[in-house]
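A.B. asks: Right, I'll just put the structure down here and ask away after.
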There are 2 protein chains.
Amino acid sequence: MKFQEKLDKIVKKNNSLLCVGLDSDFEKIPPRFKKKKQPLFEFNKNIIDQTHDLVCAYKPNSAFYEALGLNGILALKFTCHYLQKNYPQIPIILDAKRGDIGSTNEAYAKFIFDFLGVDAVTIHPYLGMEANLPFLNRKDKGIIILCRTSNPGAGELQDLSASIHNITDDRRKSRNKESLYIHIAKKVVSEWNINGNCLLVVGATYPKELAEIRKLAGDMTFLVPGVGTQGGDVGKTVKAGLNSKKAGMIINSSRSIIFTDNPRSEAVKLREEINKYRLT
Amino acid sequence: MKFQEKLDKIVKKNNSLLCVGLDSDFEKIPPRFKKKKQPLFEFNKNIIDQTHDLVCAYKPNSAFYEALGLNGILALKFTCHYLQKNYPQIPIILDAKRGDIGSTNEAYAKFIFDFLGVDAVTIHPYLGMEANLPFLNRKDKGIIILCRTSNPGAGELQDLSASIHNITDDRRKSRNKESLYIHIAKKVVSEWNINGNCLLVVGATYPKELAEIRKLAGDMTFLVPGVGTQGGDVGKTVKAGLNSKKAGMIINSSRSIIFTDNPRSEAVKLREEINKYRLT
């Protein structure tokens, strides 16, 4: 089944655009899990069992598993396997932000889609479409390209005014001047999305930019990090990012759900808040 | 010891700017290694033992280890440990091309510098300096920022004309128009390099761009992939990229050394060819 189809089904079934980010930092998980043989996996299992009827996706961030070395990678594999076995209808997004030359991306795609078997991955655009074909050619997988990220310093490069060089008569003419993130969004929509499997990362911390990207991206789905700990406003985010079907967003929250005393009630609250703005 | 100091010593001792890329793709290693319990590690050990007196660095690319799942990560760890124990004077560069928000990059830095204990890492610039501080703040480690990559499609985004937006009186003035990769090179040289530990990735497949970046980067060291299988010309590369000390380049070759019948003789040949252009 194609990623978008799987996503659409669970959005409908769970009436949710909420993605829970499994950023399971060992330093931050409760002591009772740290004593277990597989602390990150046991922690994730507990979160998943509490929230599976509230989410449209889970998004483990590869970094927090790699940070523990081998045992961390094992926890990531166990987590994916647990989801695939018990909740096969919920898509798994590996937030890995990979991006290398083509022959190397083939190897990354193997780890992500064959070894872990997840449904989607985040990638960097910097090396261009040609290098990213090993991801883009995985027709059934969601390929989520960084466009406007949620971090405070995102604008340093992403806000640069970008245009295509035309060197004529020793003079540089530029046309189509626009921000780099807009240029990338347009490229993904019109050129990279040959298999209809592209999504964009657009941070909730920048609702103005989110609205601007929505205008040019049709109904393409966005992965939206940055609500919760990073401070993105839920109302502004939902209003800015919805597509024509009152969907088209995977709104991620990690720390402000998973590291609280009651993850289920935080997930309920955020799903309801999103739906309040989404469905009225 | 700081990365650059370690690099300078081995460049002198081995009279070499050659880096051997340990892109140890399981599909491509000889059958005699495939039978072993740790195929990638045994393959690497053989390459390392044959070439340790000829190189200035080894560069495993994370993707080829991740592609094998847990056993691959174990092979990467064993390879790093083998080098650290037997050839501690040779720097290890993990080609990981990471880049996430700050709190996540902290976790990546843990895997790369604490679990694996390597000397340097490659990173993506797209999220900006603020997000990359967890790497940049590792003063003793080499932080190698993607600038102009070696792949055929590198120019799609990297050649865009980039300038800083200035919105004045509803009018956008742009100044300092230059290619995105030039803009990034200048930023790294003048702003990101607060700890004197930055390097740039500049592909050998683009000698004109390499020369242009050398002009603005002082004596900063470049990691230069793209000779060998990717087709970069050694003479043009060396002439374009050397700094004022006849060094400042880590010239990487992977496939055209490690997947040949005699890796040592290929490494000798390439080191000599580099030195021919470097020392005359």
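A.B. asks: When you look at residue B:75, is it in contact (Cβ under 8 Å) with a residue 40 or more places away in the chain and within 13 Å of chain A (Cβ to nearest Cβ), yes or no?
C.D. replies: yes
A.B. asks: Please find, within segment A:1-30, the residue that is surrounded by the most Cβ atoms within 10 Å (Cβ to Cβ) out of those that are assigned to a helix (DSSP H, G or I) and free of Cβ contacts under 8 Å to residues at least 60 places away in the same chain.
C.D. replies: A:26
A.B. asks: Got at least one residue in segment A:135-152 being assigned to a helix (DSSP H, G or I), at pLDDT 95 or above and within 21 Å of residue A:220 (Cβ to Cβ)?
C.D. replies: yes
A.B. asks: Let me ask something else. Does residue A:41 satisfy the criteria of being within 21 Å of the chain's Cα centre (by Cα) and under 19 Å from residue B:115 (Cα atoms)?
C.D. replies: The answer is no for residue A:41.
A.B. asks: Next up: Can you spot a residue in segment B:52-59 that is under 26 Å from residue A:145 (Cβ atoms) and more than 17 Å from the chain's Cα centre (by Cα)?
C.D. replies: no
A.B. asks: Give the residue, chosen from B:69, B:117, B:99, that is modelled with pLDDT of 95 or more, of a type in the set (Gly, Ala, Ser) and under 22 Å from residue A:104 (Cα atoms).
C.D. replies: The unique qualifying residue is B:99.
A.B. asks: Now for a separate question. Exactly one of these conditions fails for residue B:237: (1) among the polar types (S, T, N, Q); (2) buried (at least 22 other Cβ atoms within 10 Å of the Cβ); (3) out of contact with any strand residue (DSSP E or B) (no Cβ under 7 Å at 6 or more places or on another chain). Give me its number.
C.D. replies: If we test residue B:237 against (1) among the polar types (S, T, N, Q); (2) buried (at least 22 other Cβ atoms within 10 Å of the Cβ); (3) out of contact with any strand residue (DSSP E or B) (no Cβ under 7 Å at 6 or more places or on another chain), just (3) comes out false.
A.B. asks: Of all residues in segment B:255-277, count the ones that are within 15 Å of residue B:17 (Cα to Cα), out of contact with any Pro (no Cβ under 8 Å at 6 or more places or on another chain) and surrounded by 21 or more Cβ atoms within 10 Å (Cβ to Cβ).
C.D. replies: Total satisfying the criteria: 5.
Residue-by-condition table, conditions (1) of a type in the set (S, T, N, Q); (2) more than 17 Å from the chain's Cα centre (by Cα):
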site	(1), (2)
B:221	yes, no
B:224	no, no
B:233	no, yes
B:239	no, yes
B:242	no, no
B:245	no, yes
B:250	no, no
B:259	no, yes
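A.B. asks: In the set A:171, A:214, A:175, which member is at pLDDT 95 or above, surrounded by fewer than 24 Cβ atoms within 10 Å (Cβ to Cβ) and on the phi < 0 side of the Ramachandran plot?
C.D. replies: A:214
A.B. asks: Does any residue in segment A:94-105 that is in contact (Cβ under 8 Å) with a residue 40 or more places away in the chain and farther than 11 Å from residue B:62 by Cα come within less than 9 Å, Cβ to Cβ, of a residue that is in a helix (DSSP H, G or I) and not basic (Lys, Arg) six or more places away or on a different chain, and which pairs are these?
C.D. replies: If the second residue must be in a helix (DSSP H, G or I) and not basic (Lys, Arg), the pairs left are A:95/A:62; A:95/A:63; A:95/B:104; A:97/A:62; A:97/A:63; A:97/B:104.
A.B. asks: Tell me, which helices (runs of 4 or more DSSP H) lie completely within segment A:31-116 with 3 or more residues that are crowded, with 24+ Cβ neighbours inside 10 Å?
C.D. replies: Where helices (runs of 4 or more DSSP H) fall fully within segment A:31-116 and carry at least 3 residues being crowded, with 24+ Cβ neighbours inside 10 Å, they are A:39-51, A:62-66, A:70-86, A:102-109.
A.B. asks: Here is a further query. How many residues are under 16 Å from residue B:56 (Cβ atoms) and not in a helix (DSSP H, G or I) if we restrict to segment B:212-270?
C.D. replies: 20
Residue-wise test of (1) aliphatic (A, V, I, L, M); (2) in contact with a strand residue (DSSP E or B) (Cβ under 7 Å, 6 or more places away or on another chain).
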| residue | (1), (2) |
| --- | --- |
| A:22 | yes, yes |
| A:63 | yes, no |
| A:81 | no, no |
| A:88 | no, no |
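A.B. asks: Could I ask something else about it? Considering (1) out of contact with any Cys (no Cβ under 9 Å at 6 or more places or on another chain); (2) under 30 Å from residue A:178 (Cα atoms); (3) facing chain B (nearest Cβ under 9 Å); (4) at pLDDT 95 or above, say which one residue A:162 fails and leave the rest.
C.D. replies: With (1) out of contact with any Cys (no Cβ under 9 Å at 6 or more places or on another chain); (2) under 30 Å from residue A:178 (Cα atoms); (3) facing chain B (nearest Cβ under 9 Å); (4) at pLDDT 95 or above applied to residue A:162, the lone miss is (4).
A.B. asks: How about segment A:117-133: which of its residues are facing chain B (nearest Cβ under 7 Å), assigned to a loop (DSSP other than H, G, I, E, B) and of a type outside the set (Phe, Trp, Tyr)?
C.D. replies: Within segment A:117-133, A:124, A:125, A:127 meet the criteria.
The values are calculated or read from the model by the stated rules, or taken from the named source; none is laboratory data. From a predicted model like this one, the values you see are computed outputs, not experimental measurements. Neighbour counts run over all protein chains shown; Cβ positions are idealised from the backbone, glycine included.
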